[in-house]
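Have a look at the structure below, then the notes.
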Amino acid sequence: MDHETRLKRLRYRAWHRGTKEADLMIGGFFDVHHADWTAAELDWFEALLEEQDVDIMAWAIGVQPCPDRWTGPMMERMRSITYVPVSR
């Protein structure tokens with residue numbers, strides 16, 4: 001599949017997780033960071049989307065230990081949580 005189609009598919013999957021919280025965290029992360037991702041980082045994110053939302057969110061906020069396969073620069077960026085919009 002070409003790059004643009006892959007990005008569209010990943011964006012849809014990131015924003016349609018099943019709960020508003022997961023949509024904001026995972027979809028927001030995609031929107032803010034995807035433009036700079038390498039092919040390997042796209043692979044990482046695509047594989048991460050196969051995990052359960054509650055696990056992804058728990059790893060990102062640090063309430064569960066993150067498995068080694070997800071630990072690294074991408075998870076560190078996800079842990080910053082600065083990409084989640086907050087109304088004030």
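Throughout, read-outs are computed from the coordinates displayed, never taken from laboratory work. Predicted, not measured: the structure shown is a model, and the values here were computed from it. Quick reminder, even Gly has a Cβ in these numbers, built from the backbone with ideal geometry, and neighbours come from all protein chains shown.
What the table below lists for this structure:
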{"quantity": "Positive-end residue of L48, H3, T19, charge dipole of the chain with Cβ unit charges", "calculated": "T19"}
{"quantity": "Residue-averaged [θ]222 nm for the chain, counting only DSSP H segments that reach four residues, each worth -39500 (n - 2.57)", "calculated": "-14500 deg cm²/dmol"}
{"quantity": "Loop-located GluC sites (Glu not before Pro) in the range 32-88, at most 16 other Cβ atoms within 10 Å (DSSP)", "calculated": "E50, E51"}
{"quantity": "Most mobile of A60, A40, A14 in a GNM of the chain (Cα contacts under 10 Å)", "calculated": "A40"}
{"quantity": "The chain: most fluctuating residue of V32, V54, V63 per GNM, C-alpha cutoff 10 Å", "calculated": "V63"}
{"quantity": "Rg over Rh [alpha-carbon atoms, Kirkwood Rh] for the range 5-88", "calculated": "0.92"}
